[in-house]
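Presented below is the structure to which this report refers.
FYI, it's all coordinate maths here, none of it is from the lab. Computed from a predicted structure; not experimentally measured. Neighbour counts are summed over all protein chains in view; Cβ atoms, including those assigned to glycine, are modelled from backbone coordinates with ideal geometry.
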Amino acid sequence: MPSFLRRASLWQRLALLLFPALLVVTGLELWMTRHDALAAANAAYDRSLLGALKSIDANISTASGGLSVELPYTMFEFFELTASGQVFFRVATSDGLVELGSADLPAPPAELKMGVPAFYDATYFGEAVRLAAYRRDLDRAPAGSTGRSVLIQVGESTRSRQEFTARFVRSAALRDGLVLALLLCGTAIALAAALRPLSRLAREVEARTPDDLTRIAGTDLPAEVRPLVDAVNQQMSRTQDLVTQQRQFLDDASHQLRTHLTTLQMQADYARREEDPAQVRAALDALGTEIGRATRSAQQLLALGRSDTVAVEPAEFDLAALLREVAVDLLPLARAKRIDLGIHAPAPEFFAIADRGLLREALSNLVANAIAYTPAEGTITLFAAGDAAGWSLNVEDNGPGLGDEERAALGQRFRRGARAGKGGFGLGLAIARSIAQRHRGELRLEAREVGTGLHAIIWWPRPVAS
């Protein structure tokens, strides 16, 4: 579509698309009207020519030995009146030795069949004429001639035909112009009436407050507009859910950060009041621990906000390499608790399609959670899987595990398990769940098939082929 048409209003688009089409249709209709009018005029005037031709033929006689014609003058006078011009005739034998009337009338363009009249157009003394010609056999050849047949021609000026056709076409043009004007006016009125609900809808939307995300009423709207309104309502519903989610996130984040800041302030005040160096050192150690927890909390909050809002950019990457990268990053944390952290990949290179950065964040949080809740000298295994439906990242540990109710509830923000110790914030699983959902997938928390522990799975589907 041309750029100027994309920028045009609905009225302008209709004018640019409909008006030329109507003009073409009107022009075609006028051409057909002229063609039909000319055919009708020729048919009517040709009947008059044929009548004059037969009148002359009926008055041809060879009884006297020569060729005689009694011309129907009264008919010719009436014929000249209707033809608005001169009328010409010619009667001649086949050998041309006997000839009456206008001897130089244009001859027929083709050989005539006996007893079959023919009509043709020609020019006579610089004027367009219409002629009828007829050839028949004579009872006997006239004296002084060997011709046994006679040619009869009658012609008239085409001025009256042209004037009739012009009047007919002018009348049709005026009629079609009036119909076109009425059609355009009717279309404009109908379009204005059809767009009135859209104008009402625009006024209602403009009158809304910035935080009003209620559904738009689809009543009294054209059926063609309702899918658009439904799509807008769906988008507004998603936006409302996102706004609610962000408000909850801000409330939870502010509460979490206020708790850390309050704790830090109390510990700093205690350190300033304490005179015992050992107690001051203990307070500073606690202060450093709390700063680390606050830093970890802020990082997770930022990761959670990023997982909710950042655009997902799927691309092909190696899942096996991602497992190795996360395992190497968190290996020091696992070694501090003497945890056996291992990986298992179906192949040295195992490719999938997703946003690698977001999945790395999700997998890191799952592994960090597993390290936090797995007892010393425990085992954590990272592995990837894939099938025709999609791919998955898996983290399996032999820790205390979770009950059915806890597995169903965990993954919500700031929600922690009953066996959670100090230091967690309930955000790791929420981050993983949010990232999985952004990939149209899900986070599954299942019990291990053998022994105690938890099996966390991030699953997402294969992209739909376009």
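At-a-glance table
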{"item": "Contour minus Cα-Cα distance for Ala298 and Glu446 (0.36 nm per residue)", "result": "50.4 nm"}
{"item": "Cβ charges +1 (Lys, Arg) and -1 (Asp, Glu), total dipole of region 146-285, debye", "result": "1640"}
{"item": "Computed label-point distance, nm, for sites Ser171 and Asp121 using a 7 Å Cα→Cβ extension", "result": "2.2"}
{"item": "Asp340-Leu284 FRET efficiency (beta carbon distance; Förster radius 35 Å; 0.05 resolution)", "result": "0.50"}
{"item": "Rounded FRET efficiency, nearest 0.05, which uses the C-beta distance separating Glu349 from Glu204 and R0 of 56 Å", "result": "0.50"}
{"item": "Local electrostatic count at Val154 - Lys and Arg +1, Asp and Glu -1, tallied over other residues with Cβ under 11 Å", "result": "0"}
{"item": "Cβ-derived FRET efficiency at R0 45 Å, Asp212 paired with Val328, nearest 0.05", "result": "0.35"}
{"item": "Inter-label distance for Val24 and Ala271, nm, one decimal - labels placed 7 Å from Cα along Cα-to-Cβ", "result": "8.3"}
{"item": "In nm, spacing of pseudo-spin labels at Arg247 and Thr187 (7 Å Cα→C-beta vector)", "result": "4.8"}
